[in-house]
Amino acid sequence: MGLRNSDSESIQDLTIVVGDESSVVRVYENGPQTGETLVVLHGWGSSSDLMAPLTRRLSAKWRTVAIDMPGHGSSPAPPSAWSVRDHAQIVSEVVRMLKIEAFALVGHSNGGRISIELASDQSLKSQPSFLVLISPSGIPRNRTAAYYVRLWTAKVLKWPFYLFPGVIKEFGLDWLKNSLIWKFLGSSDYRALTGVMKDTFVRTVNHYVVDQLPSVKCPVVVFWGSNDDAITRRQMEILVRELPDAGLFVLENAGHFGYLDQPDPIISTIQTMIDGGVR
């Protein structure tokens, strides 16, 4: 355990077991140790450091727990391509290990997807009292023609390798996934990745939460920036429509990182929900 940004912040590396595998995650705690706890989850390719401006302001009033997901920030990559459900289990385990009794989730982008996954799965014993989601991912968007061209090209490139027996097929597909042409077919996020994080990314972006939304039992507030170029308003409207108890708040002129552009409405909403006794 160590100190980072203030005298009250502690840093822990926790070993989380998922199935028959384990991974280490870096956890940052700050703020008072009583009352509501806010568990802060960053997006894909980000880390707790990027969310620190928001977390520091939240920790002035409440206990905050920020988690670097495997392969992000100071947490090493998982041993294999863990699923979104596995990442939700990480959050549940961190809450259990820190003996947190009451908590809410504040999730940005993929952190929002993980938050929904956790809140919709009642078999995970650690359940949040409410969710604050900032441009959450996990809702399919309308695809462009270029996307379908890349998808068709990928299928054509993979097809010949399926004609070969097991070992040769696996070797060929592995070679293809590491080839230059395959890299150009992927998104910029995919091309920037190496090793197990590539497969983790593919599993993550292809995991949609629409069917799980009716199972979310707690209140949800969704924030979306009007200048967000990663998530559309249509996606957020679908999300809010399918959730049993949710509202959409538009951050005018904010982008995908609305918690950096306009943190005040987010903080005041959390204050209102905690003051209102949302549990």
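Computed over the range 89-144, the range of Cα coordinates on each principal axis works out to 46, 20, 15 Å, biggest value leading.
What shape does the range 226-279 take by its C-alpha gyration tensor, where a ≥ b ≥ c are the square roots of the eigenvalues and a/c under 1.5 counts as rounded, a/b above b/c as prolate, and the rest as oblate? Write out the running numbers ahead of the final one.
On the way: a/c = 3.24, a/b = 1.24, b/c = 2.62.
Oblate shape, in that a/c is at least 1.5 and b/c is the bigger or equal ratio.
Per-residue Karplus couplings for the range 71-84, computed as 6.51 cos²θ - 1.76 cosθ + 1.60 with θ equal to phi - 60°, are listed in order as x, 10, x, 9, 9, x, 5, x, x, 8, 6, 6, 7, 4 Hz, Gly and Pro entered as x. Of the peptides 252-264, 123-135, the order by per-residue mean of other Cβ atoms within 10 Å, starting with the highest, comes out as 123-135, 252-264.
With Cα atoms defining each centre, the range 237-279 and the range 64-138 are spaced 18 Å apart in the structure. At q = 0.16, 0.19, 0.20 Å⁻¹, what base-10 log of I(q)/I(0) does the Debye formula yield for the range 15-79 when every alpha carbon is treated as an equal point scatterer in vacuo? For the range 15-79, the Cα-only Debye profile gives -0.54, -0.71, -0.76.
Here, each number is a calculation from the coordinates, and none is a lab measurement. Quick caveat: nothing in here was measured; it's all calculated off a predicted structure. So basically every Cβ, Gly included, is an ideal-geometry build from the backbone, and we count neighbours across all protein chains shown.
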